[in-house]
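> Just passing along the structure, written as structure tokens.
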Amino acid sequence: MTIEAPFTSSLQRVEKDWIDYNGHLNMAFYNVIFDRGIDEAVELLGLGIEYLNQANASYFTLEAHVTYLQELKLDAPLRVTTQLLDYDEKRLHCFQEIYHAEENFLAATSENISMHVDMTVKKSAPFPRDILSRIEGMHTAHKVLGRKPQVGHVIGIPKKST
């Protein structure tokens with residue numbers, strides 16, 4: 001299996017119902033776009049809908065930090081990149097970026113942690129060995145990318161020196 005570094009999603013477009021009264025993409029729908037992008041990335045790991053149906057296991061997002069960098073308008077073409085930063089036996093640490101697919105500007109980033117879950121008992125569980133092996137392969141491919149400046153970003157209002 002060849003793994004892109006970073007993984008790049010298929011083309012998405014900003015939908016009419018996602019535009020807010022300010023005339024741009026509402027902040028809630030950035031997460032929809034990120035979610036669609038990560039769904040494609042984890043499909044490569046074997047963690048898609050088929051896995052849910054067969055293994056009765058999935059993954060849940062535990063934490064997400066979104067940074068909004070440039071507004072997006074109706075029908076803007078988008079691509080989401082996903083980089084696997086780290087992992088352990090139960091968790092994935094990913095970083096995603098939304099790019100305007102024609103103008104190539106970075107519109108937003110999302111850093112997130114997700115947990116593998118046994119859906120029978122709705123509790124965390126280790127990834128199966130075959131999935132963990134694919135995760136390891138993606139992590140190896142993505143390690144060469146380095147860390148983006150938004151990774152680990154702390155939110156707060158910087159204090160001015162007086």
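Every read-out reported here was derived from the displayed coordinates using simple, explicitly stated rules and does not represent laboratory data. Predicted model only: the values in this text are computed from it and were never measured. Glycine gets a Cβ as well: all are built from the backbone with ideal geometry, and neighbour counts include every protein chain shown.
> Please list, by residue number, everything in segment 9-44 whose backbone N is under 20 Å from a paramagnetic label point 7 Å out along Cα→Cβ of L145.
9-13, 30-44
> Let me spell out the model: positive unit charges on the Cβ of Lys and Arg, negative unit charges on the Cβ of Asp and Glu, origin at the Cα centre of segment 7-145. What dipole size does that give, in debye rounded to 20?
About 260 debye.
> Just checking my list [x] 37, 19, 14; [y] 28, 20, 13; [z] 28, 19, 16 against semi-axes √(5λ) of the Cα gyration tensor in Å computed from this structure; which label fits?
After the calculation, the listed value that fits is [z].
> Further question on the same structure: Only counting other Cβ atoms within 10 Å, I'd like R147, R91, R134 sorted with the fewest neighbours first.
R147, R91, R134
> With +1 on each Lys and Arg Cβ and -1 on each Asp and Glu Cβ, how big is the dipole of segment 3-62 about its Cα centre, in debye rounded to the nearest 20? Present the calculation step by step, with values, prior to reporting the outcome.
On the way: 3 positive and 9 negative charges, 21 e Å.
That gives segment 3-62 a dipole magnitude of about 100 debye.
> Among the lysines, which have Cα under 28 Å from the Cα of K143 when same-chain residues fewer than 8 positions away are ignored?
K90
> On to the next question. Full-extension gain between N56 and Q70, please, as 0.36 nm times their residue separation minus the C-alpha to C-alpha distance.
1.2 nm
> Round to a whole angstrom and tell me the spacing of the C-alpha centers of segment 1-70 and segment 77-133.
Rounded to whole Å, the Cα centres lie 8 Å apart.
> Also: Need the full-extension length gain, K122 to E43, defined as separation in residues times 0.36 nm minus the C-alpha distance. One decimal, nm.
Values: separation 79, 0.36 × 79 = 28.44 nm, distance 2.08 nm.
Gain on extension, K122 to E43, equals 26.4 nm.
> Suppose a student asked you for the relative contact order of segment 64-143, using Cα pairs under 8 Å spaced at least 6 residues apart; what percent would you report?
Over segment 64-143, the number comes to 31 percent.
> Let me ask another. Among N31, A5, A64, whose Cα lies farthest out toward the positive end of the dipole of the chain, if unit charges sit on the beta carbon of Lys, Arg (+1) and Asp, Glu (-1)?
It is A64.
> E63 versus R129, label points 7 Å from Cα toward the beta carbon: distance in nm?
3.2 nm
> Right, next: Going by C-beta contacts inside 10 Å, put L106, L62 in order with the fewest on the left.
Fewest-to-most Cβ neighbours within 10 Å comes out as L62, L106.
> When Y87, Y68 are ordered from fewest to most other Cβ atoms inside 10 Å of their Cβ, what list results?
Y68, Y87
> Tell me the relative contact order for segment 1-63 as a rounded percent, counting alpha carbon contacts under 8 Å between residues six or more apart.
25 percent
> What relative contact order, as a whole-number percentage, does the chain give when Cα pairs under 8 Å and 6 or more residues apart are counted?
26 percent
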